[in-house]
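Written below as structure tokens is the structure these notes are about.
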Amino acid sequence: MTPHQIPSARSKAIEKSSLFRRTIEGRAVLDILRTILQTAVAADVPVHRYLVDVLKSDPKEIADHPERFTPLAWAKRQPTGIEFESNNLDSTL
């Protein structure tokens, strides 16, 4: 096995997590959700508040203007003084 064929720990973890996705469609959905969640974390957005708010939003508005529902766009629409995840994790528990 060459160095390029040796799987990294990350690729092994991804492969193992793929075992729980039974279909290609399921893999695609989970990949999209993971991307959204990682983007929210990277933007320092309170993930739970973001997801609840987006899931309660009008589906037509989301379909017509998906750019308004990215984690960063969502955070910009929130009132000032929003508590971000890294600032106060205990307040959401």
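Laboratory data are not the source of any read-out in this text; all were calculated from the coordinates shown. This structure is a prediction, so every number in the text was calculated from the model and none was measured. Quick reminder, even Gly has a Cβ in these numbers, built from the backbone with ideal geometry, and neighbours come from all protein chains shown.
Could you give the nm distance between label points at K60 and I24, where each point is 7 Å from its Cα heading toward the beta carbon?
3.4
Using each residue's phi in region 64-69, evaluate 6.51 cos²θ - 1.76 cosθ + 1.60 at θ = phi - 60° and report the 3J(HN,Hα) Karplus result to the nearest Hz, with x for Gly and Pro.
Here the 3J(HN,Hα) series is 6, 9, x, 5, 7, 10 Hz.
Based on the Kirkwood radius over alpha-carbon pairs, what value in µm²/s does the Stokes-Einstein equation return for the translational diffusion coefficient of region 24-74 at 37 °C and 0.692 mPa s?
285
Could you order the peptides 28-34, 48-54, 61-67 from most to least packed, using the average number of other C-beta atoms within 10 Å per residue?
Output ranking for 28-34, 48-54, 61-67: 48-54, 28-34, 61-67.
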